[in-house]
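Inspection log for the structure reproduced underneath, given as structure tokens.
The values are calculated or read from the model by the stated rules, or taken from the named source; none is laboratory data. It should be emphasised that the depicted structure is a prediction, and the values quoted were computed from it without experimental measurement. Counting neighbours? That spans all protein chains shown, and the Cβs are built from the backbone with ideal geometry, glycine included. Accessible surface is based on the protein model in full, side chains and every heavy atom, while ligands, DNA and RNA are left aside. Shrake-Rupley method; radii C 1.70, N 1.55, O 1.52, S 1.80 Å.
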Amino acid sequence: MTPLTLLHTSPVHVPVFDALRDRDHPGAVLRHLVVPELLDRARTQGPDSVAPALRDLLAGSGGPVLVTCSTIGAVAESLEPELGVPVLRVDRPMAAEAVRRGPRIAVLATVESTLDPTVALVTEEAERAGRPVSITTHLIAEAWPRFEAGDTAGYLARVAQAADAVTGADVIVLAQASMADASALTTTATPILSSPDPGLAAALAS
């Protein structure tokens, strides 16, 4: 079986995707690359600034690549033709599902640099499906310092609180893979989508 290369910008994602593999895709071979400085650079200099580094990192992948950082996903996807292997951003299947769920889509993120790429992705999927959408964005800025400090519980609690505060949406999108477990803490009746599960399934099927 050809290994799937996963590119992360935080080590916390490695056990998450390994657990999903063990649960849903036994036998799949995952190869993890963890490069936190890619997100740091993208946040300060813009996502396009990481293109050369991505090109170098992924040139030797030898097979499909799944990029789990929403901020740099679009840049990574754009390199697919020259890399010659499938490059999938983890949030694309989630975005397509959000469009299917309804026209009023709320996008939640804890890092500002994630909002524009996620909105662009949802818009792209809506255009592909021929469905008009209305997208609102919600930045949970107070949550990210907790993530950086290793306070996962505090981070997820703030994401869940923000999700529960959303009104007038048909579906809520958790823009970053790190936010996924917050959905188990919410009380809202609005459907909540996260990216790791559908993203991994799509990448393994590519």
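What tally of residues in region 114-133 results from selecting those that are of a type in the set (S, T, Y) and open to solvent by 30 Å² or more (accessible area, probe 1.4 Å)? Break it down stepwise before answering.
If we filter region 114-133 for residues that are of a type in the set (S, T, Y), which is where we start, we get 114, 118, 123.
Narrowing the set further to residues that are open to solvent by 30 Å² or more (accessible area, probe 1.4 Å) leaves 123.
Final tally of qualifying residues: 1.
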Fill in the blank from the handout: Taking region 3-17 and keeping only residues that are surrounded by 15 or more Cβ atoms within 10 Å (Cβ to Cβ) and under 15 Å from L200 (Cβ atoms), one is left with L4, T5, L6, L7, H8, H13, V14, V16, F17
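Of all residues in region 38-72, which are within 16 Å of Q176 (Cβ to Cβ) and either open to solvent by less than 20 Å² (accessible area, probe 1.4 Å) or hydroxyl-bearing (S, T, Y) (or both)?
Filtering region 38-72 down to residues within 16 Å of Q176 (Cβ to Cβ) leaves 38-40, 42-43, 47, 66-72.
Across region 38-72, the qualifying residues are L38, L39, A42, L66, V67, T68, C69, S70, T71, I72.
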Fill in the blank from the handout: Here the residues within region 191-202 that are assigned to a loop (DSSP other than H, G, I, E, B) and open to solvent by 30 Å² or more (accessible area, probe 1.4 Å) are P191, S194
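Can you pull out the residues in region 73-86 that are open to solvent by 10 Å² or more (accessible area, probe 1.4 Å) and farther than 15 Å from A120 by Cβ? Break it down stepwise before answering.
Our first condition is that a residue be open to solvent by 10 Å² or more (accessible area, probe 1.4 Å); within region 73-86, this holds for 74-75, 77-78, 80-86.
E80, P81, E82, L83, G84, V85, P86 - these are the residues of region 73-86 that are open to solvent by 10 Å² or more (accessible area, probe 1.4 Å) and farther than 15 Å from A120 by Cβ.
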Handout entry: Any chance A28 is modelled with pLDDT of 95 or more, farther than 19 Å from T118 by Cα and open to solvent by less than 20 Å² (accessible area, probe 1.4 Å)
Key = yes
Problem - Single condition T152 does not satisfy, out of (1) touching a residue at least 12 places away in the same chain (Cβ under 8 Å); (2) touching a helix residue (DSSP H, G or I) at 6+ places or on another chain (Cβ under 6 Å) - result: (2)
Fill in the blank from the handout: Only one of T188, T137, T167 is free of Cβ contacts under 8 Å to residues at least 60 places away in the same chain, β-branched (V, I, T), assigned to a loop (DSSP other than H, G, I, E, B) and surrounded by 15 or more Cβ atoms within 10 Å (Cβ to Cβ), namely T188
Exercise for the section: Tell me which residues, restricted to region 170-181, are under 17 Å from C69 (Cβ atoms), assigned to a loop (DSSP other than H, G, I, E, B) and not aliphatic (A, V, I, L, M). Expected result: Q176
